[in-house]
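Note sheet for the following structure.
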Amino acid sequence: MQRQLANMKQSLFDQGYLDEQFIQLEELQDDANPNFVEEVVTLYYRDSARLIQSIEQALEKSPLDFSKLECLMHQFKGSSSSIGAKRVKSECTQFKEYCRVGNSDGCKRTFQQLKKEYATLKKKVEVYFQFARQIGPVEKACRSK
Amino acid sequence: MKKGGRKISALVVDDDRVIRVVEEKLLVRFGLETKVAKNGKEALDLFVAGNTFDFVVMDMEMPVMDGPEATRALRARGVDCMIVGVTSRGDGPEKAEFEAAGLNCCWEKPLNAQIVGTILDKLAKKLS
């Protein structure tokens with residue numbers, strides 16, 4: 001089962017959902033904070049929901065305030081990169097580029113894509129954490145034998 | 001890491017809660033005593049209240065008081081501890097302005113174990 005978990009994680013990396021920063025977070029996990037990564041990711045999804053909403057609202061204005069959008073997205077990108085959300089981060093970069101050149105359609109399209117990646121990642125890590133927690137206690141039991 | 005018996009102390013300044021949590025944990029893992037502030041003004045207030053730190057991890061863009069402004073204010077007060085800037089705004093005028101405000105060095109986000117190791121090496125050299 002440990003192997004299954006490792007494979008799950010490897011696949012998330014191979015498919016570009018996560019990057020090295022996620023490994024950094026895992027390395028911060030210890031007996032005192034055994035669920036640190038899950039806690040951080042949960043915090044990310046909770047806090048970033050507000051940013052997503054702000055960006056959504058800003059995209060409904062006409063004309064678009066690219067400077068404001070860029071600023072919001074910059075924040076979102078920073079947060080996303082701190083948990084290793086690679087694909088989400090890449091959409092953020094694309095979005096900021098469209099802001100820079102004032103491309104409204106580009107921004108709107110990219111944002112839709114970003115939301116998809118954001119939601120997909122959430123589902124995938126939820127499965128991963130759920131699985132990790134199931135086998136966690138088993139691992140501990142094996143180790144203490 | 002200890003300095004003559006007491007722990008090295010650090011202040012994390014960032015408006016993003018996720019980043020504060022991650023950076024704080026990272027520094028604590030290195031054995032540092034860490035406090036957090038959510039913008040430049042809060043950071044400055046900590047110093048004004050008499051707190052001292054061996055180094056500060058300062059985000060560039062924050063509401064109320066941003067990194068460059070807080071850095072300038074701290075240096076103007078005579079704070080000479082290491083101030084490490086972190087930003088995701090690559091190389092450019094903003095980074096240059098930030099460095100000119102009085103940083104000891106500037107790193108690209110996100111902060112990781114390698115960067116912290118490098119900062120601590122610099123700090124050791126500075127203190128020796």
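What follows is calculated from the coordinates using simple rules that are stated; it is not laboratory data. It should be emphasised that the depicted structure is a prediction, and the values quoted were computed from it without experimental measurement. So basically every Cβ, Gly included, is an ideal-geometry build from the backbone, and we count neighbours across all protein chains shown.
When the residues of region A:49-58 are filtered to those that are free of Cβ contacts under 8 Å to residues at least 60 places away in the same chain and under 14 Å from the mean Cα position of the chain (by Cα), the one that is nearest to B:Glu61 (Cα to Cα) is A:Leu51. Taking the stated definitions as given, is B:Gly102 away from chain A (no Cβ under 14 Å), free of Cβ contacts under 8 Å to residues at least 12 places away in the same chain, on the phi > 0 side of the Ramachandran plot and not in a strand (DSSP E or B)? Taking the combined requirement at face value, the residue does not satisfy it.
Quick check on region B:75-96: of everything there that is loosely packed, with under 14 Cβ neighbours inside 10 Å and assigned to a helix (DSSP H, G or I), which residue is farthest from the other protein chains (Cβ to nearest Cβ)?
Keep residues of region B:75-96 that are loosely packed, with under 14 Cβ neighbours inside 10 Å, which gives B:76-78, B:80, B:90-93, B:96.
If we keep only those that are assigned to a helix (DSSP H, G or I) as well, we get B:76, B:93, B:96.
On the way: B:Ala76: 27, B:Pro93: 14, B:Ala96: 18 Å.
Residue satisfying both the conditions and the ranking: B:Ala76.
Does A:Lys61 count as over 18 Å from A:Ala49 (Cα atoms) and under 19 Å from the mean Cα position of the chain (by Cα)? Spelling it out, it is not the case that A:Lys61 is over 18 Å from A:Ala49 (Cα atoms) and under 19 Å from the mean Cα position of the chain (by Cα). Within region A:44-97, if we keep just the residues that are within 14 Å of chain B (Cβ to nearest Cβ) and of a type in the set (Lys, Arg), the residue that is nearest to A:Leu121 (Cα to Cα) turns out to be A:Lys86. Can you find even one residue in region A:82-94 that is assigned to a helix (DSSP H, G or I), over 21 Å from the mean Cα position of the chain (by Cα) and among the β-branched types (Val, Ile, Thr)? For region A:82-94, residues assigned to a helix (DSSP H, G or I), over 21 Å from the mean Cα position of the chain (by Cα) and among the β-branched types (Val, Ile, Thr): absent.
Hey, could you check region B:1-40 for residues that are part of a strand (DSSP E or B) and of a type in the set (Gly, Ala, Ser) and say which is farthest from the other protein chains (Cβ to nearest Cβ)?
Start the filter on region B:1-40 by keeping residues that are part of a strand (DSSP E or B), which leaves B:2-3, B:6-7, B:9-13, B:33-37.
The next check asks that each one be of a type in the set (Gly, Ala, Ser); those that pass are B:9-10, B:37.
Details: B:Ser9: 19, B:Ala10: 15, B:Ala37: 16 Å.
Only one residue tops the list, namely B:Ser9.
Yes/no per residue for (1) crowded, with 23+ Cβ neighbours inside 10 Å; (2) within 15 Å of A:Phe111 (Cα to Cα); (3) touching a helix residue (DSSP H, G or I) at 6+ places or on another chain (Cβ under 9 Å):
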| residue | (1), (2), (3) |
| --- | --- |
| A:Asp47 | no, no, yes |
| A:Glu56 | no, yes, yes |
| A:Glu60 | no, yes, no |
| A:Phe66 | no, yes, yes |
| A:Met73 | yes, yes, yes |
| A:Gly78 | yes, no, yes |
| A:Ile83 | yes, no, yes |
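Taking the conditions (1) crowded, with 17+ Cβ neighbours inside 10 Å; (2) small (Gly, Ala, Ser); (3) more than 10 Å from chain B (Cβ to nearest Cβ) in turn, A:Ser104 satisfies each one other than (1).
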